[in-house]
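Accompanying notes for the structure given below.
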Amino acid sequence: MSNTAESTAKRPLRVAIVGAGPAGVYAADILTKSNEVKDGDFEVSIDLFEAYPAPYGLIRYGVAPDHPRIKGIVNALHKVLDRGDIRFLGNVTYGRDLTLHDFRAFYDAVIFSTGAIKDAELDVPGIDLDGSYGAADFVSWYDGHPDVPREWPLDAKEIAVIGNGNVALDVARMLVKHADELLVTEIPDNVYQGLKNSPVTDVHVFGRRGPAQVKFTPLELRELSHARDVDIVLYPEDFEFDEASDDAIRSNNQTKTMVNTMTNWLVEEHAEAEQPSSRRLHLHFLHSPVEIYDDGGSGKVAGIKFERMQLDGTGNVKGTGEFIDYPVQAVYRAIGYHGSALDEIEYDAKRGVIPNEGGRVLDAGGNPVPGIYTTGWIKRGPVGLIGHTKGDALETIGFLLEDRLTLPPAQNPDPQAIIDLLEERGIEYTTWEGWNKLNAHEAALGASWTESAASDGVLRERIKVVPREEMIEISRA
């Protein structure tokens with residue numbers, strides 16, 4: 001019998017998961033419900049670590065607050081953590097508060113599910129001008145991330161959003177929507193005030209390929225049409241379809257639905273002569289960014305230049321040599337997320353992921369590192385919807401279960417030992433009980449606002465607390 005098998009035969013297998021977003025929670029849930037655990041082959045003891053004082057990761061700090069499906073996902077994650085068989089330890093940052101050596105000492109296995117929160121780079125001239133932003137930073141601001149500035153510069157009337165994925169549409173929708181429509185969500189007061197004072201009139205969303213190649217989903221597209229006093233503007237010359245586009249429309253119901261929706265909008269737009277709205281959301285296709293430029297060396301964004309593209313028959317595009325300028329005062333790049341390196345763990349800088357085979361983390365020589373695993377976007381890259389994360393976690397947990405008899409045993413597997421270390425180091429960690437306090441506090445803020453004279457009949461279920469210090473104080477009260 002191996003050392004691990006001998007040492008864990010008399011105690012639960014100790015597992016740490018770093019990152020309490022959907023990927024981390026799914027991994028914990030799958031492990032606790034595995035046949036091996038249910039059949040009594042062994043017991044498992046899981047600690048779920050999170051850098052922020054609150055759980056849920058991407059769901060709390062990376063998804064637009066007006067998404068109707070958020071509540072359902074949060075409720076599902078809450079049920080998992082509320083069972084009591086997974087311990088949540090928030091406000092603990094890997095690499096600063098705890099090292100890999102620490103985790104090795106207290107756990108038999110460690111799973112990294114730290115996600116991807118940085119913007120992918122866009123290499124065009126002028127990308128660093130004042131008024132050029134990464135979508136991830138803007139998302140963090142409107143989602144009340146505790147570690148970003150409270151203010152956001154919203155002084156542009158005309159804005160360009162580069163990208164044709166769900167994040168691009170989220171950003172565009174949040175920019176163009178009237179702030180009062182967002183009061184029914186959990187947006188913090190500083191976000192509401194910032195958006196309410198925005199002078200925006202036009203938001204342009206640009207995609208490099210055609211309507212049949214977009215990366216957003218039908219739900220995202222439909223949500224655009226729900227914004228009050230916002231016209232959706234499309235352009236007939238952008239509706240170009242090649243052989244690959246036609247094949248995609250015939251064979252993929254999602255593509256067919258989105259193309260039909262946009263085509264109907266295009267027809268309705270040119271058939272109706274209604275009173276124009278005060279704001280417009282423009283959808284452009286077959287545009288490849290060439291340069292962001294300023295006005296006479298001012299250093300501030302004044303416009304953006306695109307090359308007109310054409311489909312090449314395969315669904316890809318090639319340049320036409322025709323260039324188009326759009327006067328805008330702000331540019332948001334939403335071309336994808338990128339993972340961040342973790343201390344003492346190999347990192348693929350090009351892909352923004354931890355090198356791995358099916359979730360087993362690899363060393364510099366390409367060999368599996370015993371006891372170290374990964375799941376979620378830091379494992380596979382920022383692709384797929386939240387639902388895909390379950391299958392991803394299932395694969396990782398499958399390999400962990402396969403390896404469990406040969407894992408390097410923890411030196412001090414007592415669950416109290418890690419708590420003692422955190423307290424010894426003065427780490428103000430938060431707990432699941434603390435999250436329930438913060439959750440109740442945010443709900444009370446929403447109820448108080450609803451009852452106020454200023455509510456004007458708007459029901460608010462909650463208002464998100466932003467300052468980290470306040471979150472910690474409420475959680476640890």
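Here's the yes/no breakdown for (1) of a type outside the set (A, V, I, L, M); (2) modelled with pLDDT of 95 or more; (3) closer than 25 Å to Lys71 by Cβ:
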residue	(1), (2), (3)
Asp147	yes, no, yes
Asn166	yes, no, yes
Leu183	no, no, yes
Val214	no, no, no
Leu219	no, no, yes
Notebook entry, point to check: With respect to the numbered conditions (1) assigned to a helix (DSSP H, G or I); (2) at pLDDT below 95; (3) open to solvent by 10 Å² or more (accessible area, probe 1.4 Å), which one is the sole condition not fulfilled by Phe241?
Noted result: (1)
Next item on the list: Sort out which residues of segment 361-372 are open to solvent by less than 50 Å² (accessible area, probe 1.4 Å) and part of a strand (DSSP E or B), and write them in order of number.
Entry: Val361, Leu362, Val369, Gly371, Ile372
Next item on the list: Being loosely packed, with under 14 Cβ neighbours inside 10 Å and hydrophobic (A, V, I, L, M, F, W, C) is the filter here, so list the residues in segment 317-328 that pass it.
Entry: Phe323, Ile324
Item checked: Answer residue from segment 22-65, given it is of a type in the set (Lys, Arg) and assigned to a helix (DSSP H, G or I) and is nearest to the chain's Cα centre (by Cα) among those -> Arg60
Checklist line | Inter-residue pairs, beta-carbon under 7 Å, first under 30 Å from Val465 (Cβ atoms) and in segment 189-207, second in a helix (DSSP H, G or I) and of a type outside the set (A, V, I, L, M, F, W, C), 6+ apart | finding: Val191/Tyr142
Next item on the list: Can you tell me which residue among Thr389, Thr314, Thr375 is at pLDDT below 95 and buried (at least 21 other Cβ atoms within 10 Å of the Cβ)?
Entry: Thr389
Next item on the list: Scan segment 402-417 and report the pairs whose first residue is assigned to a helix (DSSP H, G or I) and at pLDDT 95 or above and whose second residue is small (Gly, Ala, Ser) and surrounded by 15 or more Cβ atoms within 10 Å (Cβ to Cβ), with Cβ atoms within less than 7 Å and a gap of 6+ or a chain change.
Entry: Pro415/Ser45
Margin query: Please go through segment 208-230 and give me each residue that is surrounded by fewer than 17 Cβ atoms within 10 Å (Cβ to Cβ) and either farther than 14 Å from Gly165 by Cβ or free of Cβ contacts under 8 Å to residues at least 24 places away in the same chain (or both), ordered by number.
Written below: Arg222, Ser225, His226, Arg228, Asp229
Margin query: Quick check on this structure: which one of Ser113, Ser140 is open to solvent by less than 30 Å² (accessible area, probe 1.4 Å) and within 30 Å of Leu405 (Cβ to Cβ)?
Written below: Ser113
Checklist line | Candidate set from segment 330-347 (those that are open to solvent by less than 70 Å² (accessible area, probe 1.4 Å) and in a loop (DSSP other than H, G, I, E, B)); member that is nearest to Leu154 (Cα to Cα) | finding: Ala334
Check: Is there a residue being at pLDDT below 95, exposed (fewer than 12 other Cβ atoms within 10 Å of the Cβ), within 33 Å of the chain's Cα centre (by Cα) and not in a loop (DSSP other than H, G, I, E, B) anywhere in segment 261-274?
Finding: yes
Checklist line | Single condition Thr396 does not satisfy, out of (1) open to solvent by less than 50 Å² (accessible area, probe 1.4 Å); (2) in a strand (DSSP E or B) | finding: (2)
Margin query: Out of the residues in segment 456-471 meeting the condition of being among the aliphatic types (A, V, I, L, M), part of a loop (DSSP other than H, G, I, E, B) and open to solvent by less than 50 Å² (accessible area, probe 1.4 Å), tell me which one is modelled with the lowest pLDDT.
Written below: Val458
Note to self: For segment 84-143, which positions are under 24 Å from the mean Cα position of the chain (by Cα) and part of a helix (DSSP H, G or I)?
What the structure shows: Ala135, Ala136, Asp137, Phe138, Val139, Ser140, Trp141, Tyr142
Check: Among Val203, Val233, which is the only one that is within 30 Å of His145 (Cα to Cα) and open to solvent by less than 40 Å² (accessible area, probe 1.4 Å)?
Finding: Val203
Check: On the given criteria, is Ile474 of a type in the set (A, V, I, L, M, F, W, C), open to solvent by less than 20 Å² (accessible area, probe 1.4 Å) and under 31 Å from the mean Cα position of the chain (by Cα)?
Finding: no
Next item on the list: Using the structure shown, decide if Gly426 is part of a strand (DSSP E or B) and within 28 Å of Thr99 (Cα to Cα).
Entry: no
Notebook entry, point to check: If you check Met262, Met309, which single one turns out to be in contact with a helix residue (DSSP H, G or I) (Cβ under 6 Å, 6 or more places away or on another chain) and farther than 20 Å from Lys157 by Cβ?
Noted result: Met262
Margin query: From the list Val191, Val161, Val148, Val200, exactly one residue is of a type in the set (A, V, I, L, M), within 26 Å of Pro289 (Cβ to Cβ) and not in a loop (DSSP other than H, G, I, E, B). Which is it?
Written below: Val161
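For Tyr94, are the conditions met, namely being touching a Gly at 6+ places or on another chain (Cβ under 9 Å), closer than 27 Å to Glu433 by Cβ and free of Cβ contacts under 8 Å to residues at least 40 places away in the same chain?
no
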Item checked: Members of segment 417-439 that are among the aliphatic types (A, V, I, L, M) and open to solvent by 60 Å² or more (accessible area, probe 1.4 Å) -> none
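Determine whether Ser298 is open to solvent by 50 Å² or more (accessible area, probe 1.4 Å) and of a type in the set (S, T, N, Q). Write out each step before concluding.
On the way: open to solvent by 50 Å² or more (accessible area, probe 1.4 Å): yes; of a type in the set (S, T, N, Q): yes.
Considered against the rule, which asks whether it is open to solvent by 50 Å² or more (accessible area, probe 1.4 Å) and of a type in the set (S, T, N, Q), Ser298 comes out as yes.
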Next item on the list: Just give me the residues in segment 11-54 being surrounded by fewer than 24 Cβ atoms within 10 Å (Cβ to Cβ) and at positive phi, in sequence order.
Entry: Gly40
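The values are calculated or read from the model by the stated rules, or taken from the named source; none is laboratory data. Remember, it's a predicted structure, so these values are computed and weren't measured experimentally. Please note: Cβ atoms are built from the backbone with ideal geometry, for glycine as well, and neighbour counts cover all protein chains shown. Accessible surface areas use protein heavy atoms only, side chains included; no ligands, DNA or RNA. Shrake-Rupley method; radii C 1.70, N 1.55, O 1.52, S 1.80 Å.
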